[in-house]
Amino acid sequence: MNQRAAVLSLISPAYLWLTLTILLPLSAMLYYSFLSDVPIGSREVSWTLENYGTFFEKAFYSELMLRSFKLGAEVTTFCLLLGFPCALALAKSIGGRTKEALFLLIILPFWSNALVRIFSWTMVLRGNGILEYYINWLLPGTGPLGLMFTYPAILLGLVHSYLPYMILTCYISIDAIDNQLLEAARSLGAGKLTIFFRLIVPLALPGIVAGSVLIFIPVIGSFMEPRLLGGRNGTFIGTIIEDQFTAVFNWPLGAALSFIMMGLVLLVLLGFSPLVRRFK
Amino acid sequence: MNFLKWIGRTYLICIVVFLYVPILVMVALSFNESQLYRLPIEWSIRWYEALANNSKLHSATVNSLTVAFLSTCLSTMMGTAVALAFYRYDFRAKRLLQILIFPPITIPWLIIGTAMLVFFFWVGIGRGLHAMVLGHVALSLPYVVIVVSARLKSFDSALEDAARSLGASYWQTTLWVTVPWLMPGIIAAALFAFAVSLDQFVISYFLAAPGVTTLPVEIYTAIRKGLTPEINAISTLVILLSMLLLLGVSRFYRFGGRD
Amino acid sequence: MASVSVQNISKNFGITVALDRVSYEFENGKFFALLGPSGSGKTTLLRMIAGFESPDRGSIQIDGKVVDHIPVEKRDIGMVFQNYALFPNMDVQANVGFGLRVRGISTSETRLLVGEALELVRLSGFDNRRPDQLSGGQRQRVALARAIVTKPRVLLLDEPLSALDRNLRLEMEIELKRIQRDVRITTIFVTHDQEEALTMSDQIGILNEGQLVQHGSPVDIYENPQSVFVARFLGEANLLKGQADGSRVNLNVGGTVQTRSKPASPQVICSIRPEKISIHKEQDIPPSSSNHIAGQVNEHIFNGTSLNYLVQCGDQVLRVFVQNLSGELISPNTQVHLSFRPEDTLVFPDA
């Protein structure tokens, strides 16, 4: 069997599938973003840049976009601050079976149902929920906490959802650092902080970057989490886009907003790429 | 140093507690008698009994499992084939194709979901279980390729050469030598794909036809309508199933670990 | 059993030349070694005979039939790989029986043939072990049994001993040779280890930079190397530059020597093997028919069976191996004569 035929027979089903489900839909969406209306039945549809114009005309959208990017940045930062030490402790301070078991314990929730985990937080945070109940039991007279349906609630839920991503990617790169390298550094007189900032962080940078990208992108596009935990305070660009498709049926606007969002995400990633290249 | 290790371990425990406490709270409340989640908990299994009579949830469960089963079969076969092609051959555009397998992970699901909605509507595929299968396969493909490729990394290609030198044809070699060797990776990938499909909410949400939903979509709609402990009960079952599946995966695939 | 004929084969990988117009006849039933440094093309040549690579130009015949368009699995060869490539998901029985299984041979006959093959490699009773339960030497034997159980026409061995430690390697060399003699199968053995090549093979082909630079029996190649490369690669050689002067050579380190053949160019390199040199203290009179040059002992190394000297002659250090007959050592800084026969003094043009 010649190579060409072999390669084609192995890869074409998967790539045809991806064409049908990713490439063509994204192209269709791009096409829609330039239409004046959804082309159903006999509606008059024309080409327009109006959908993109809307974004720049109404401050509402750009403010929401900014709010989403701020949320993305904050979630990513918190995940990094919480997750990196965790990955480090996991990789370097314990060994053997405990390590494997703990690692599994940490990443298991990561693959289990995201929706269910956000739902879990409503159980904890809501008025008369567990947290309020026990805090009032400990400190009578504290009264309602008012945590539910706030920005911090969304932040908490998202950090909880995405933290294991960061731990996973950082763990992989920290675990790959040879202990002898760290010992060599110590034998040369490097202190713990020097080792941490001059060796561990730079060597773990690929993991940090991968984790950050894998968190930042989906958080920007999140809509279920803000809706469930933020209620009326949970309006972000993701929820607006969702509305265009499920409630308002302004598909062209939703499409345009999606592409603006992806473009901006791409810009952010490009902005960070020199940092990545430096350490490659 | 010991002091540092001690801090490290304590910190790890705190993280695990942070990750699990909400889930445990949710599970505990599924066994609470009170409709209004009144505390302290009075233990009861009435919400699980209620599940038994909820026909909407039954059909959503059947739908979820059907979609997960079909998309697992398809994505495992196609993904394994792709991983094999990447492993065995060097060809033009290989780098590009390797990158192109990842958009399902790196583009927000919101955008992929809405794009599928738009496109499927446009070309007449429409919404429903078939559309969900189409979408879920695309989402789990990259995971299958990653897991199977990880296993292939430690494959010695001399095994294939050896089989050929002993007279085995291309397909005999693939089926008798390569695939059996890959089996743990393929099983892990399949369980993974199953879990991904079962947990997938966003794509299913956009592609669900009226009256034809999956479990996560059903749960979401229920939450938005109003909280009842019945949702806790079904969520508990769902999360139990995912965890079991992933424990299964971990038997065959070391997440991020070195082989 | 068959002969293999390689005719004028060339192969490039990108810009690197893997093989350059190599021709060779592997005769029926003999043991051949393909010897060369890494990157010399020896493994490529072996993989081409197997059918894993195809030549850019030239042709390969097995038993007089062109096999260029016959895929590996139809060539009826047996091959042993560097790391044995035993199928980890099969036990010894299934590994050895694999070739029979794909040929559709019945279970009972397979059992019989596998038993015979395992007996031949002295591994009877290991049928149900898995590869990871075997030692390196045992895996090697299983790989060999698997390769010969189908009675292939040619047995190809790709550095099969390189993963073994020294003692095991010596044992396997003898074993391999015995089995080859028993089955009388045409065997082609790729190695970078000159000792392995010398002890095991009937014929050696030496490759360098994609070219077959010399071939012949081990003794022939060792005694009559046709280039500086071969002289140095197979065994050790002291190389001395000099100018041709009629039928003699004036060495740069001093002294004039008679060489085996007449120098063919004005600038030459003389090659003398260390064990062909005898060493004499200054006052001893060397035989007059020999070449001799003067030097001073730098260092002596005593290793039991022989005495090795490093002797400074002009700006060069020569190695001299002397059999330990007297147990007497010449101490460093002693002035000595080195003498060697003209027929042991090979001469090559200096490129």
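Work out the FRET efficiency for A:Glu50 and A:Leu269 from their Cβ-Cβ distance, taking R0 = 35 Å, and round it to the nearest 0.05.
Using R0 = 35 Å, I get an efficiency of 0.80.
To the nearest 20 Debye, how big is the dipole of the range C:1-112 about its Cα centre, given +1 on the beta carbon of each Lys and Arg and -1 on that of each Asp and Glu? Walk me through the numbers before you get to the answer.
On the way: 12 positive and 11 negative charges, 13 e Å.
Magnitude of the dipole: close to 60 debye.
Return a whole-number percent for the relative contact order of chain A, with Cα pairs under 8 Å and 6 or more residues apart as the contact set.
Details: 292 pairs, mean separation 75.3, N = 280.
Contact order relative to length: 27 percent.
Considering only the other residues whose Cβ falls under 14 Å of the Cβ of B:Thr80, what net charge follows from Lys and Arg at +1 and Asp and Glu at -1?
Working: positive: B:Arg88, B:Arg151; negative: none.
In short, +2.
Averaged over its residues, how many other protein chain Cβ atoms are within 10 Å of peptide A:81-88's Cβ atoms? The partial results should precede the final answer.
Numbers: counts 0, 4, 1, 0, 5, 7, 3, 2.
So the per-residue partner count for this stretch is 3.
Might you tell me the accessible area per residue for the range A:189-245, computed with a 1.4 Å probe and given in Å²?
Numbers: 1990 Å² over 57 residues.
Spelled out: the 1.4 Å probe surface of the range A:189-245, per residue, equals 35 Å².
Using DSSP H assignments, which helices in chain A have an axial alpha-carbon span of 20 Å or above and a mean Kyte-Doolittle hydropathy of -1.0 or higher? Write down the numbers at each step before the final one.
On the way: long enough: A:3-18 (22 Å, 0.99); A:59-92 (48 Å, 1.05); A:96-111 (23 Å, 1.01); A:151-175 (34 Å, 1.18); A:201-220 (27 Å, 2.31); A:251-278 (41 Å, 1.59).
Span-like helices here: A:3-18, A:59-92, A:96-111, A:151-175, A:201-220, A:251-278.
Give me the number: length gained by fully extending C:Asn303 to C:Lys241, i.e. 0.36 nm times residue separation minus the C-alpha to C-alpha distance, one decimal in nm. Let's see the in-between values first.
Working: separation 62, 0.36 × 62 = 22.32 nm, distance 2.96 nm.
Using 0.36 nm per residue and subtracting the Cα-Cα distance, I get 19.4 nm.
Among C:Asn303, C:Ala264, C:Val228, which residue has its Cα furthest toward the positive end of the charge dipole of the range C:228-351, with +1 on Lys/Arg Cβ and -1 on Asp/Glu Cβ?
C:Ala264
May I ask you to derive the FRET efficiency for A:Thr19 and B:Phe69 from their Cβ-Cβ distance with R0 = 25 Å, giving the value to the nearest 0.05? Numbers along the way, then the final one.
Numbers: r = 24 Å, r/R0 = 0.95.
After rounding, the FRET efficiency stands at 0.55.
By its C-alpha gyration tensor, with a ≥ b ≥ c as the square roots of the eigenvalues, how is the protein assembly as shown shaped: rounded for a/c under 1.5, else prolate for a/b larger than b/c, else oblate?
Working: a/c = 2.52, a/b = 2.18, b/c = 1.16.
Judged from the Cα gyration tensor, the protein assembly as shown comes out prolate (a/c at least 1.5, a/b above b/c).
Do you know the relative contact order of the range A:183-280, to the nearest whole percent, from alpha carbon pairs under 8 angstrom that are 6+ apart? Numbers along the way, then the final one.
Details: 45 pairs, mean separation 23.1, N = 98.
Taking the mean separation of contacting Cα pairs over the length of the range A:183-280, I get 24 percent.
Using only the alpha-carbon atoms, how far is helix C:136-148 inclined from the longest principal axis of chain C? Give it as 0 to 90 degrees, nearest 10.
With both axes taken from Cα atoms, the answer is about 60 degrees.
Please compute the modelled spin-label separation between C:Lys74 and B:Asp156, points set 7 Å along Cα→Cβ, answer in nm with one decimal.
2.9
Which angle between 0 and 90 degrees, to the nearest 10, do you get for helix B:2-30 versus the longest principal axis of chain B when only C-alpha atoms count?
60
As an exercise, use a Förster radius of 30 Å and the Cβ-Cβ distance of B:Leu240 and A:Arg97 to find the FRET efficiency, rounded to the nearest 0.05. Spell out each step's value before the answer.
Details: r = 24 Å, r/R0 = 0.79.
Here the calculated transfer efficiency is 0.80.
Work out the charge dipole of the protein assembly as shown with +1 on the Cβ of Lys and Arg and -1 on the Cβ of Asp and Glu about the Cα centre, then indicate which of A:Leu266, A:Pro13, C:Gly78 is farthest towards its positive end.
In the protein assembly as shown, that residue is A:Leu266.
Treat each spin label as a single point 7 Å out from the Cα along the C-beta direction, and report the C:Arg341 to C:Val66 distance in nm.
For the pair C:Arg341/C:Val66, the computed spacing is 4.9 nm.
Sorted by packing (mean other beta-carbon atoms within 10 Å per residue), highest first, where do C:135-143, C:10-18 land?
Working: C:135-143: 20.7, C:10-18: 13.7.
Ranked by mean Cβ neighbours within 10 Å, highest first: C:135-143, C:10-18.
Which whole number gives the average count of other chain Cβ atoms within 10 Å of the Cβ atoms across peptide B:167-178?
Details: counts 15, 7, 6, 5, 1, 4, 3, 2, 0, 7, 6, 0.
Whole-number average of other-chain Cβ neighbours for B:167-178 is 5.
Averaged over peptide C:81-87, how many Cβ atoms belonging to another chain are found within 10 Å of each residue's Cβ?
Working: counts 6, 2, 3, 4, 10, 4, 8.
Average per residue, whole number: 5.
Once both axes come from the Cα atoms, what is the angle between helix B:215-225 and the longest principal axis of chain B, in degrees from 0 to 90, rounded to 10?
30
In terms of Cα to Cα distance under 24 Å, which lysines are near enough to A:Lys92, apart from those fewer than 8 places away along the same chain?
Correct list for A:Lys92: A:Lys192, A:Lys280, B:Lys5.
If you average the C-alpha positions of the range C:52-69 and of the range A:38-86 separately, how far apart do those two centres end up, in angstrom?
Between the Cα centres of the range C:52-69 and the range A:38-86 lies a distance of 63 Å.
Taking 0.36 nm per residue of sequence separation and subtracting the Cα-Cα distance, how much length would be gained by fully extending the chain between B:Lys56 and B:Arg38, in nm to one decimal?
Between B:Lys56 and B:Arg38, full extension yields 3.9 nm more.
Restricting to chain C, compute how many DSSP beta bridges are antiparallel as a %, nearest 5. Walk me through the intermediate numbers first.
Values: 60 of 78 bridges.
Just about 75 percent of them are antiparallel.
Once label points are set 7 Å from the Cα along Cα→Cβ at both C:Asp202 and C:Arg184, what is their separation, rounded to one decimal in nm?
Result: 1.0 nm between the two label points.
Would chain A count as rounded, prolate or oblate if I go by the C-alpha gyration tensor, calling it rounded below 1.5 in a/c and otherwise prolate when a/b exceeds b/c, oblate otherwise?
Details: a/c = 2.02, a/b = 1.24, b/c = 1.62.
Taking the square roots of the gyration eigenvalues as a ≥ b ≥ c, chain A is oblate.
To the nearest 20 debye, what charge dipole does chain C have about its Cα centre, counting +1 at the Cβ of each Lys and Arg and -1 at the Cβ of each Asp and Glu?
Values: 36 positive and 40 negative charges, 160 e Å.
The dipole magnitude comes to about 760 debye.
Answer rounded, prolate or oblate for chain C, using the Cα gyration tensor with square roots of eigenvalues a ≥ b ≥ c: rounded when a/c is under 1.5, else prolate when a/b is larger than b/c, else oblate.
Details: a/c = 3.20, a/b = 1.88, b/c = 1.71.
In terms of gyration-tensor shape, prolate.
With contacts defined as alpha carbon pairs under 8 Å and 6 or more residues apart, what's the relative contact order of chain C in percent?
Reported relative contact order: 16 percent.
The values are calculated or read from the model by the stated rules, or taken from the named source; none is laboratory data. Treat the numbers as computed from the prediction; the structure is a model and nothing was measured. Note that we place each Cβ from the backbone using ideal geometry, even for glycine, and neighbour counts take in every protein chain shown. Surface accessibility is based on the protein's heavy atoms, side chains included, excluding ligands, DNA and RNA. Shrake-Rupley method; radii C 1.70, N 1.55, O 1.52, S 1.80 Å.
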